[in-house]
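Participant: Take this structure first; my questions come after.
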Amino acid sequence: MKKRARRFRPSVPAYIVASLMIVLYGSPLAFLLLGSGQTAGTLPSVSPASITDYSLSNYVDYFVVYGNGPSLWNSAVIALGTTTLIMAFGLPAAYWLSRLSPFASSALLIIVVFLQMLPQAAVIIPLYRVLALWGLIGNRWGVIIALAGSLLPWALLLLGPYFRSIPRELNEASAVDGAGGLRQFWSIILPLTRNGAITIGLLTFMVTWGDFVYSINLLTKSALYPASASIVGYVNAYSVDWPGLMAASVITAIPILIVFLIFQRRLTEGLSAGSVKG
Amino acid sequence: MTTVTSPTRTPRRRKRLNSPTGLPRVYFVLPATVFIFFIVGYPMFELFRMSFATVTPATLLTGGDYVGFDNYTALFNSPSFGDIAVRTAVFGLIVLLIALPGGLAAAMALEKRTKFFGFTYGLMVLMWALPPIVNAVAWRFIFFQDGALNEILRGLGIIDEPIFFLLDGWLPLLSVSFVAGWVALPFAAVVFRAALMDVPKEQLEAAEVDGAGAASRFWNITFPSISPTVYILSILFLSWAVRSFDFTFVMTGGGPGEASTTLPLLGYVKAFQLADFSGGATVAVVTIIAVLIFALPYTRSLGKQSDR
């Protein structure tokens, strides 16, 4: 690998693909940033001339005029609550699954994969009725447990490889040393899988931060909406305030941007390990 | 290293909490199982029951009356069902056609970690990771009749009249599918990047020494090595088309009319916008069956991968 890297000179096709990707993935972000600085209520222009009257007033209005600050708090509560639940249930369960015999684990894998692939609507339609029976419609807890339940199988799949990479001999050795099941898990297994747990925790946080489908249906008051759900209201308004909408989108994206910039390598590695390598 | 405790307590505790091999007992998986049962399992049962009943907002809590297969015959006999099924397939295929070749090309092009390539790769993965609503807003603006793409095309003198990407004929479906493929592409690139590391480098170098061209090296060495990844990603993306609707929901709402409605969105719209919970449940059951078809081969290939 190192030897090749030294000899390597990037080819022309590689530069063409990279440039195309820069345009495809840079322009939506650039348009959002550009449009969000233009006068509220006007139609944003993407021509370079439009940069002259750029201002951050839409960003200020997001908090001051529209009072959207609490929606960010709601997002944080929902995302952190869901992530905590998923980790609390998912880590011991993924560990247990990783210690099964190959036959039993592949049988259970079918169920986990199926649960993970369930269509959004298939979960949310009956859940609406079930949560209504339990009195949890219009309550943040309803959204948190709904999201946690539907994402838990996905988290189990992603956590699997990290736990499977720990040899079973370690269990035997520590059992001989007299470590009980819980203690073994807490002081031997978990420290070894800490990286995986953090990676999948971060991914869960990012996915739940972006949820709007569960929130707009399971919450009745828009005061409880997370940031992403309150944008949906904006989009479907009769006349769209594009600059305001774009500022709201950028603000909603900022926490994800921060998490991503800090943990970029870890996230991409966790993603490829869990999704394909099983 | 054995901890010193009273000899009477230790063995009993160990017996209760720990099997002789030190493997975890079933209480490790119990909370997750109970939780999934109540939040997903029991609702699934409810979903099937609702699809055989008439549940409206008025009968949501009581449960509605049993009507047998009426909801299913109504769905399959409705004139738009065939169109929507075709649209769902088109959506899934477009996602495949964009994300697989695009993701592979990106992974191969950006394999070497120069600064520029690293930045490109990081930008792609970042856009994949952003909340779907943010990307959907950006793309809705790009495809909007007075939006970015039309402004650019007009500025370049390519068109005189705006193109109604989100309103005209097949264009809404194609636009929405394009965006879904666009967001899936970086994910495919991440997965292909990992798979490319397992391509036998010695063979590639030997083939190059023997004078094999780039295309021949790709088809004879690289592609066979990554074909399991192609297979898994295909299943993932096709199943995604059947189960997810957030981009369509934000960009077009399935419209105009039903021009960009796919099966998963139809179920959602019926239940939550037309307040026909049973109709929505019926569509959802159909999508579950479609997803099952994908889940089985996916599980098998996951099992194969972990055997390696």
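The values are calculated or read from the model by the stated rules, or taken from the named source; none is laboratory data. For clarity, every value in this text was computed on a predicted model and none was experimentally measured. Don't worry about glycine lacking a Cβ; one is built from the backbone with ideal geometry, like all the others, and counts go over all protein chains shown.
Participant: Taking A:M206 and the conditions (1) modelled with pLDDT of 85 or more; (2) farther than 25 Å from B:V190 by Cα, which numbered condition does it fall short on, given that it satisfies the others?
Facilitator: Every listed condition holds for A:M206 apart from (2).
Participant: Please indicate, with yes or no, whether at least one residue in region B:238-254 is hydroxyl-bearing (S, T, Y), outside any loop (DSSP other than H, G, I, E, B) and either in contact (Cβ under 8 Å) with a residue 12 or more places away in the chain or under 23 Å from A:S215 (Cα atoms) (or both). Before you say what the answer is, go through the steps one by one.
Facilitator: Here is the first cut: in region B:238-254, the ones hydroxyl-bearing (S, T, Y) are B:239, B:244, B:248, B:252.
Retained after the next criterion (residues that are outside any loop (DSSP other than H, G, I, E, B)): B:239, B:248.
When the remaining residues are screened for being either in contact (Cβ under 8 Å) with a residue 12 or more places away in the chain or under 23 Å from A:S215 (Cα atoms) (or both), the result is B:239, B:248.
Within region B:238-254, one or more residues are hydroxyl-bearing (S, T, Y), outside any loop (DSSP other than H, G, I, E, B) and either in contact (Cβ under 8 Å) with a residue 12 or more places away in the chain or under 23 Å from A:S215 (Cα atoms) (or both).
Participant: Might you check whether a residue that is touching a residue at least 40 places away in the same chain (Cβ under 8 Å), under 24 Å from the mean Cα position of the chain (by Cα) and closer than 30 Å to B:A290 by Cβ occurs anywhere in region A:57-75?
Facilitator: no
Participant: For region A:1-114, please list each of the helices (runs of 4 or more DSSP H) lying entirely inside it that holds at least 3 residues being touching a Leu at 6+ places or on another chain (Cβ under 8 Å), surrounded by fewer than 21 Cβ atoms within 10 Å (Cβ to Cβ) and not basic (K, R). Explain how you work it out, then say what you get.
Facilitator: Values: elements: A:2-7, A:12-35, A:57-63, A:69-98.
Correct list: A:12-35.
Participant: Give all pairs with beta carbons closer than 8 Å in which a residue from region B:130-142 that is more than 19 Å from B:R154 (Cβ to Cβ) and within 7 Å of chain A (Cβ to nearest Cβ) meets a residue that is part of a loop (DSSP other than H, G, I, E, B) and among the β-branched types (V, I, T); count only pairs at least 6 apart in sequence or on separate chains.
Facilitator: Final answer for the pair search is none.
Participant: Scan (1) more than 8 Å from chain B (Cβ to nearest Cβ); (2) of a type in the set (A, V, I, L, M); (3) in contact with a Leu (Cβ under 8 Å, 6 or more places away or on another chain); (4) under 23 Å from A:G138 (Cα atoms) for the single condition A:I231 breaks and write down its number.
Facilitator: It is condition (1) that A:I231 fails.
Participant: Output the residues belonging to region A:133-157 that are facing chain B (nearest Cβ under 7 Å) and out of contact with any Leu (no Cβ under 6 Å at 6 or more places or on another chain).
Facilitator: Correct list: A:L133, A:I145, A:G149, A:S150, A:L152.
Participant: Of everything in region A:163-192 that's touching a residue at least 40 places away in the same chain (Cβ under 8 Å) and closer than 17 Å to A:A93 by Cβ, which residue is nearest to the other protein chains (Cβ to nearest Cβ)?
Facilitator: The initial filter retains those residues of region A:163-192 that are touching a residue at least 40 places away in the same chain (Cβ under 8 Å), namely A:163-164, A:166, A:168, A:171, A:185, A:189-190.
Applying the additional criterion that residues be closer than 17 Å to A:A93 by Cβ yields A:163-164, A:166, A:171, A:185, A:189-190.
Numbers: A:F163: 10, A:R164: 7, A:I166: 12, A:N171: 4, A:F185: 7, A:I189: 9, A:L190: 12 Å.
Top of the filtered list is A:N171.
Participant: While we're looking at this one, here's another question. Looking only at region B:201-220, count every residue that is assigned to a helix (DSSP H, G or I), under 36 Å from the mean Cα position of the chain (by Cα) and of a type in the set (G, A, S) and tell me the total.
Facilitator: Within region B:201-220, residues that are assigned to a helix (DSSP H, G or I), under 36 Å from the mean Cα position of the chain (by Cα) and of a type in the set (G, A, S) number 3.
Participant: Could you tell me which residue of region B:148-177 is surrounded by the fewest Cβ atoms within 10 Å (Cβ to Cβ), considering only residues that are within 11 Å of chain A (Cβ to nearest Cβ) and farther than 29 Å from B:D83 by Cα? If you could, list the steps in order and put the result at the bottom.
Facilitator: Filtering region B:148-177 for residues within 11 Å of chain A (Cβ to nearest Cβ) gives B:148-152, B:154-155.
After this cut, where a residue has to be farther than 29 Å from B:D83 by Cα as well, the list is B:148, B:151-152, B:154-155.
On the way: B:A148: 23, B:E151: 19, B:I152: 15, B:R154: 14, B:G155: 12.
Among residues in region B:148-177 that are within 11 Å of chain A (Cβ to nearest Cβ) and farther than 29 Å from B:D83 by Cα, the one surrounded by the fewest Cβ atoms within 10 Å (Cβ to Cβ) is B:G155.
Participant: Just one of A:L127, A:L202, A:L152, A:L147 is part of a helix (DSSP H, G or I) and over 19 Å from A:A76 (Cα atoms); which is it?
Facilitator: Details: A:L202 fails: over 19 Å from A:A76 (Cα atoms); A:L152 fails: over 19 Å from A:A76 (Cα atoms); A:L147 fails: over 19 Å from A:A76 (Cα atoms).
Of A:L127, A:L202, A:L152, A:L147, the one residue that is part of a helix (DSSP H, G or I) and over 19 Å from A:A76 (Cα atoms) is A:L127.
Participant: Same structure again: Among the numbered criteria (1) away from chain A (no Cβ under 12 Å); (2) surrounded by 23 or more Cβ atoms within 10 Å (Cβ to Cβ); (3) over 15 Å from the mean Cα position of the chain (by Cα), which single criterion is violated by B:A180?
Facilitator: Every listed condition holds for B:A180 apart from (3).
Participant: So B:S260 fits all but one of (1) more than 8 Å from every other protein chain (Cβ to nearest Cβ); (2) part of a helix (DSSP H, G or I); (3) not hydrophobic (A, V, I, L, M, F, W, C); what number is the exception?
Facilitator: (2)
Participant: Taking A:G181, is it more than 23 Å from B:A241 (Cβ to Cβ) and either over 21 Å from the mean Cα position of the chain (by Cα) or surrounded by fewer than 19 Cβ atoms within 10 Å (Cβ to Cβ) (or both)?
Facilitator: Values: more than 23 Å from B:A241 (Cβ to Cβ): yes; either over 21 Å from the mean Cα position of the chain (by Cα) or surrounded by fewer than 19 Cβ atoms within 10 Å (Cβ to Cβ) (or both): yes.
Against the criterion (more than 23 Å from B:A241 (Cβ to Cβ) and either over 21 Å from the mean Cα position of the chain (by Cα) or surrounded by fewer than 19 Cβ atoms within 10 Å (Cβ to Cβ) (or both)), A:G181 qualifies.
Participant: From A:I111, A:I78, which residue is in contact with a Ser or Thr (Cβ under 7 Å, 6 or more places away or on another chain) and β-branched (V, I, T)?
Facilitator: Numbers: A:I111 fails: in contact with a Ser or Thr (Cβ under 7 Å, 6 or more places away or on another chain).
Exactly one residue qualifies, and that residue is A:I78.
Participant: Now, a different point. I want to confirm something. Restricting to region B:116-129 and keeping residues that are more than 7 Å from chain A (Cβ to nearest Cβ) and without any contact (Cβ under 8 Å) to a residue 24 or more places away in the chain, which single residue is nearest to A:A247 (Cα to Cα)? Don't jump to the end; show me each part of the working.
Facilitator: Restricting attention to region B:116-129, the residues satisfying the condition of being more than 7 Å from chain A (Cβ to nearest Cβ) are B:118-119, B:121, B:128.
Next cut, without any contact (Cβ under 8 Å) to a residue 24 or more places away in the chain only: B:118-119.
Values: B:G118: 28, B:F119: 24 Å.
Per the stated criteria, the residue is B:F119.
Participant: Filter region B:240-277 down to the residues that are small (G, A, S) and buried (at least 24 other Cβ atoms within 10 Å of the Cβ), then identify the one that is farthest from B:L166 (Cα to Cα). Before the answer, list the steps.
Facilitator: First, the residues of region B:240-277 that are small (G, A, S): B:241, B:244, B:253-255, B:257, B:259-260, B:267, B:271, B:275.
Still in the list and also buried (at least 24 other Cβ atoms within 10 Å of the Cβ): B:241, B:254, B:260, B:267, B:271.
Values: B:A241: 19, B:G254: 10, B:S260: 9, B:G267: 21, B:A271: 24 Å.
Only one residue fits best here, namely B:A271.
Participant: List the residue pairs whose Cβ atoms are under 7 Å apart, where the first residue sits in region B:76-93 and is within 14 Å of B:G257 (Cβ to Cβ), the second is assigned to a helix (DSSP H, G or I), and the two are 6 or more positions apart or on different chains.
Facilitator: Once the first residue is within 14 Å of B:G257 (Cβ to Cβ) and sits in region B:76-93, its partners that are assigned to a helix (DSSP H, G or I) give B:I84/B:L263; B:I84/B:L266; B:R87/B:L173.
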